[in-house]
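Participant: My structure is below; once you've seen it, I'll send some questions.
The values are calculated or read from the model by the stated rules, or taken from the named source; none is laboratory data. Not measured: the values here are computed from a predicted model. In this analysis, Cβ positions are derived from the backbone assuming ideal geometry, glycine residues included, and neighbour counts consider all displayed protein chains.
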Amino acid sequence: MHDVLWPESARWERLVAQFARLVEGAGYGLAVTPILEHVGVFHRGVGEESEMVGKEMYTFADRDGQVMALRPEGTAPIVRAYVQHHPVPPWKAWYVAPTFRHENPQHGRYRQHFQLGIEALGPSDPDLDAEVISLAHDLFIALGLRDFTLKLHSMGDGNCRPEFMDLLRDFLAGHEDEMCDPHRTRYKENPLRVLDCKTPECRRATEDAPHFLDHLCAPCTSHFERVRAGLDTLGVSYTIDHRLVRGFDYYTRTTFEFASNAIDAAQNAIGGGGRYDGLVELLGGAPTPGIGFGIGIERLLIVCDAEGVFPTEPPPLQAYVIDLTGGTEAVALTAELRRAGLRVDRAFDNRSMKSQIKSADRSGAQVALVIGAEEVANGTVGLRPLRTDAAQRTVARSAIVAELQDSLAHPASAAPDEGTP
Ligand code: HAM
């Protein structure tokens, strides 16, 4: 688990703001749910057999003896909230949420990570699937990412999945000796997991396994075709991945994952999601289809660094107030500038000019505003550019806000006698 400190935290703020702008522009509203849920929300929603619920959840009994879980993923809590408050569908929610999984930590895989996500409840319309997928895609593109692949698949529904599982089980029974040790004994319970297994043994054993897409029922096939057509219309390219089964029980029909090609293949999933048309019912609501995705913030930023995009820039201060008089001018001027919307800090503790200039420089501010005895007597302020060679100049105290706004908007004009026509 990590502390996120400034300036990295400033990048997080920008990312969340950019995501919020994007999805709010598509009708999603922020949903904030508790970090804890009754463990049953995940047992029922995600499935006790799933790796995440079975082996990775942080659970504890609270003082009343209720077993609680720290949220291991974002979808079940949003659906629990939907069932509890029954807003009118279609209901579109977005979230930014800390998420906890007791995994083996490594670069890009943490025990606490943060997810940006959306969930849309109500329509089963495949056009919504294309819209949801394209929102994640558009975020990555807006950040400047180019080197990623969208993997797309369908996991069918309650109608065609049991038949496909039987078919796959039969196929795997003929390849039992070739599978990795754990799957040799466990494949019967969940044969889909073998498709997803990364060991060379299981990869080889499943090379000729049947493809789910060839065995979807007619409604699932036409749904999937319409999703593909939607992505084509939106110019979102994808590859069909017959192994993409995703780890949670709630998925039905469309599933997808965005994989970065810029980092190590082990932890390169920057976002994933899919449809979960049975989840609302599982959590006690009326049958309501749903679809969404989650994007890992830490992983996304690792990938941004790998591609050299979305840099970490601390938001620069615009001005730094230096007061050599010990009077109240710094208090007043700093507040006035901040109230005018400028980013300003100041020195405290009546330190020497040299020390205050050093702090101003270290702060990253564009200019220092110097108040000495002479400036107070004359009703002026010294404006000293800190990032250019331009000389300090004297500005009327009453004009300083406008002057500063102007010089920040047109940095060249801060230097006098430039000789510009
Ligand atoms: P997920 O694929 O388990 O899906 O997680 C979503 C994203 O969270 C991953 O693609 C990855 O970027 C990030 N992530 C997952 N685990 C870790 C970790 N240990 N450390 C760092 N980042 C991680 C879900 O959680 C689903 N709830 C997504 C969804 C929403 N499906 C439908 N709606």
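Participant: Among the residues of the stretch 240-257, which ones are more than 7 Å from the ligand (Cβ to nearest atom) and part of a strand (DSSP E or B)?
Facilitator: I240, T252, R253, T254, T255, F256
Participant: Related question: Return the pairs, sorted by first residue and then second, in which the second residue is surrounded by 14 or more Cβ atoms within 10 Å (Cβ to Cβ) and assigned to a loop (DSSP other than H, G, I, E, B), the first residue lies in the stretch 321-333 and is touching a residue at least 24 places away in the same chain (Cβ under 8 Å) and aliphatic (A, V, I, L, M), the beta carbons are less than 9 Å apart, and the residues are 6+ apart or on different chains.
Facilitator: Listed pairs, sorted by first residue: V321/A347; I322/A347; I322/G372; L324/G372; A330/A347.
Participant: Can you go through Q115, Q84 and tell me which one is near the ligand (Cβ under 10 Å from one of its atoms), among the polar types (S, T, N, Q) and either under 20 Å from the mean Cα position of the chain (by Cα) or within 23 Å of V53 (Cα to Cα) (or both)?
Facilitator: On the way: Q84 fails: near the ligand (Cβ under 10 Å from one of its atoms).
After applying the criteria, what remains is Q115.
Participant: If you go through the stretch 264-299 one residue at a time, how many are in a helix (DSSP H, G or I), under 20 Å from K92 (Cβ atoms) and either of a type in the set (D, E) or away from the ligand (no atom under 15 Å from the Cβ) (or both)?
Facilitator: So the first thing to find is which residues in the stretch 264-299 are in a helix (DSSP H, G or I), and the list is 265-267, 279-282, 297-299.
Among the residues that remain, those that are also under 20 Å from K92 (Cβ atoms) are: 279-281.
In the following step, the residues that additionally are either of a type in the set (D, E) or away from the ligand (no atom under 15 Å from the Cβ) (or both) were identified as 281.
So the count comes out to 1.
Participant: Residue by residue through the stretch 335-359, note down the ones that are part of a helix (DSSP H, G or I), over 34 Å from the mean Cα position of the chain (by Cα) and surrounded by 21 or more Cβ atoms within 10 Å (Cβ to Cβ). Don't jump to the end; show me each part of the working.
Facilitator: To start, the set of residues in the stretch 335-359 that are part of a helix (DSSP H, G or I) comprises 335-339, 353-359.
Restricting the remaining residues to those that are over 34 Å from the mean Cα position of the chain (by Cα) gives 335-336, 353-359.
The answer is Q356, and nothing else.
Participant: Consider E189 against the criteria (1) assigned to a loop (DSSP other than H, G, I, E, B); (2) under 31 Å from the mean Cα position of the chain (by Cα): it satisfies all of them except one. Which criterion is unmet?
Facilitator: In the conditions (1) assigned to a loop (DSSP other than H, G, I, E, B); (2) under 31 Å from the mean Cα position of the chain (by Cα), E189 misses (2) alone.
Participant: Out of the residues in the stretch 71-93 that are outside any loop (DSSP other than H, G, I, E, B) and in contact with a Leu (Cβ under 6 Å, 6 or more places away or on another chain), state the one that is surrounded by the fewest Cβ atoms within 10 Å (Cβ to Cβ). Please lay out each step first, then the result.
Facilitator: If we filter the stretch 71-93 for residues that are outside any loop (DSSP other than H, G, I, E, B), which is where we start, we get 75-85, 91-93.
Those still in the list that are in contact with a Leu (Cβ under 6 Å, 6 or more places away or on another chain) too: 79-80, 82-83, 91.
Values: V79: 28, R80: 24, Y82: 23, V83: 19, W91: 21.
Ranking the qualifying residues of the stretch 71-93, first place goes to V83.
Participant: In addition: Based on this model, can you work out whether I302 counts as within 12 Å of the ligand (Cβ to nearest atom), over 22 Å from Q84 (Cβ atoms), of a type in the set (A, V, I, L, M, F, W, C) and not in a strand (DSSP E or B)?
Facilitator: Numbers: within 12 Å of the ligand (Cβ to nearest atom): yes; over 22 Å from Q84 (Cβ atoms): yes; of a type in the set (A, V, I, L, M, F, W, C): yes; not in a strand (DSSP E or B): yes.
Against the criterion (within 12 Å of the ligand (Cβ to nearest atom), over 22 Å from Q84 (Cβ atoms), of a type in the set (A, V, I, L, M, F, W, C) and not in a strand (DSSP E or B)), I302 qualifies.
Participant: Keeping to the stretch 1-51, report how many residues are surrounded by 14 or more Cβ atoms within 10 Å (Cβ to Cβ), in contact (Cβ under 8 Å) with a residue 40 or more places away in the chain and assigned to a strand (DSSP E or B).
Facilitator: The total comes to 1.
Participant: Something else about it: Select from the stretch 135-169 the residues that are under 20 Å from T206 (Cβ atoms) and assigned to a loop (DSSP other than H, G, I, E, B) and list them in ascending order.
Facilitator: M155, G156, C160
Participant: Being modelled with pLDDT under 95 and within 9 Å of the ligand (Cβ to nearest atom) narrows it down to one of G74, G108, so name that one.
Facilitator: Values: G74 fails: modelled with pLDDT under 95.
Going through G74, G108 in turn, the sole match is G108.
Participant: Given (1) away from the ligand (no atom under 11 Å from the Cβ); (2) modelled with pLDDT of 95 or more; (3) touching a helix residue (DSSP H, G or I) at 6+ places or on another chain (Cβ under 6 Å); (4) not in a helix (DSSP H, G or I), identify the lone condition not met by S237.
Facilitator: Here S237 clears every test but (3).
Rundown of residues vs (1) among the β-branched types (V, I, T); (2) more than 24 Å from L282 (Cα to Cα); (3) buried (at least 17 other Cβ atoms within 10 Å of the Cβ), yes/no style:
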site: M179; (1), (2), (3): no, yes, yes
site: R193; (1), (2), (3): no, no, yes
site: T199; (1), (2), (3): yes, yes, no
site: A209; (1), (2), (3): no, yes, yes
site: A229; (1), (2), (3): no, yes, no
site: V236; (1), (2), (3): yes, yes, yes
site: I240; (1), (2), (3): yes, yes, no
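Participant: A further question on this structure: Residues G122, G156: which one is at positive phi, crowded, with 22+ Cβ neighbours inside 10 Å and away from the ligand (no atom under 11 Å from the Cβ)? Step through it out loud before you land on a result.
Facilitator: Numbers: G122 fails: crowded, with 22+ Cβ neighbours inside 10 Å.
It is G156.
Participant: Inspect the stretch 298-311 for any residue being surrounded by 23 or more Cβ atoms within 10 Å (Cβ to Cβ) and over 29 Å from I270 (Cβ atoms) and give the result as yes or no.
Facilitator: no
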